[in-house]
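First comes the structure, then the notes that go with it.
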Amino acid sequence: MHTRLVLLCGLAALGCVGSLRIAPACARVLSSPRAVPVAVRRHAAVRLSDEEPDPDAVVDEAEVKMKDTISFVQEQLATLRVGRASPSLLDRVMVDYYETPTPLNQLASVTAPTASQLVVDVYDKSAIGDVEKALFESDIGMTPSSDGKIIRLNVPALTEDRRKELAKTAKSLGEDGKVALRNIRKGALDKIKKMKKAIGEDLVKDYEDNVQKAVKKYEDEVGGLVASREKEILTV
């Protein structure tokens, strides 16, 4: 009887037995390592604990990261001024606040009361000097003026040389975005290649193609964003 029960439990673990009313007995037998053949124990462990690889999840995760990269590139391009005062012009300014690099927009409110002036109202007035120093050392092309309470920046008209510099910066930001996209692609492809034994070479190739298409799509989107921003910068 014991031998027959072991055999039935083994077949159940292998998926060869249908609705047999032996679940409690099988549970007791399978819980005893010596009662079940090694091959059956191993197979049961695989059936119970292993998860099937999910290449769809890898591709979806990569696309989410690529979309986040596009959003980041858009935000960075928005910080390049095109002649009109905008609070976003200061979004890339980092302040050494208590020895911690901190975005300016977390330390102060930035407003544009006129088309040619920005006003920075620092929350912690003791940090005004640090904020002013950060603005001096940044590449925004504006000189801060502080009265001890607020900081004002006059937005000068863009010269042709300055426009060309900003256009180069836009291209650089775009290239950074493309590098980030390629790094995401590399990570996704590495994960998919490791699934070759589980899903087969043909499916691996299909999913690799999907990742490549996604990268191409978002690289083109970055290119479009940069071209649009360059046009705005260079238009007098």
Test result for GLY177, in contact (Cβ under 8 Å) with a residue 40 or more places away in the chain, surrounded by 13 or more Cβ atoms within 10 Å (Cβ to Cβ), assigned by TED's automatic domain parsing to the domain that holds ARG92 and of a type outside the set (A, V, I, L, M, F, W, C):
no
Quick one: is LYS216 part of a helix (DSSP H, G or I), among the charged types (D, E, K, R), within 30 Å of VAL82 (Cα to Cα) and out of contact with any helix residue (DSSP H, G or I) (no Cβ under 9 Å at 6 or more places or on another chain)?
yes
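Every residue in the stretch 221-236 that is more than 13 Å from VAL179 (Cα to Cα) and part of a helix (DSSP H, G or I), please. Break it down stepwise before answering.
The first filter runs over the stretch 221-236 and keeps only residues more than 13 Å from VAL179 (Cα to Cα), leaving 221, 224-236.
If the condition is that a residue be more than 13 Å from VAL179 (Cα to Cα) and part of a helix (DSSP H, G or I), then GLU221, GLY224, LEU225, VAL226, ALA227, SER228, ARG229, GLU230, LYS231, GLU232, ILE233, LEU234 are the ones that fit.
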All-but-one check, VAL122 against (1) β-branched (Val, Ile, Thr); (2) assigned by TED's automatic domain parsing to the domain that holds LYS65; (3) surrounded by 14 or more Cβ atoms within 10 Å (Cβ to Cβ), failing number (2)
Boolean, ALA188 is more than 22 Å from the chain's Cα centre (by Cα) and part of a helix (DSSP H, G or I)
no
Close pairs (8 angstrom Cβ cut-off, 6 or more residues apart or separate chains): of a type in the set (Asp, Glu) in the stretch 218-236, crowded, with 20+ Cβ neighbours inside 10 Å anywhere
GLU219/LEU181; GLU230/ALA170
Looking at (1) surrounded by 15 or more Cβ atoms within 10 Å (Cβ to Cβ); (2) modelled with pLDDT of 95 or more; (3) among the polar types (S, T, N, Q), find the lone condition where THR169 falls short.
(2)
So, of the residues in the stretch 130-166 that are within 18 Å of PRO87 (Cβ to Cβ) and among the β-branched types (Val, Ile, Thr), which turns out to be modelled with the lowest pLDDT?
ILE140
Yes or no: the stretch 205-214 includes at least one residue that is over 23 Å from the mean Cα position of the chain (by Cα), free of Cβ contacts under 8 Å to residues at least 40 places away in the same chain and assigned by TED's automatic domain parsing to the domain that holds GLU61.
yes
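Considering the stretch 124-174 alone, what residues qualify as being hydroxyl-bearing (Ser, Thr, Tyr) and in a helix (DSSP H, G or I)? Step through it out loud before you land on a result.
So in the stretch 124-174, the residues hydroxyl-bearing (Ser, Thr, Tyr) come out as 126, 138, 143, 145-146, 159, 169, 172.
Across the stretch 124-174, the qualifying residues are SER126, THR169, SER172.
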Among the residues in the stretch 131-152, are any assigned by TED's automatic domain parsing to the domain that holds ARG229, under 31 Å from the mean Cα position of the chain (by Cα) and surrounded by 15 or more Cβ atoms within 10 Å (Cβ to Cβ)?
no
What residue, of LEU77, LEU107, is hydrophobic (A, V, I, L, M, F, W, C) and either over 30 Å from LYS213 (Cα atoms) or in contact with a Ser or Thr (Cβ under 6 Å, 6 or more places away or on another chain) (or both)?
LEU107
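The values are calculated or read from the model by the stated rules, or taken from the named source; none is laboratory data. The structure displayed is predicted, hence computed values, not measured ones. Counting neighbours? That spans all protein chains shown, and the Cβs are built from the backbone with ideal geometry, glycine included.
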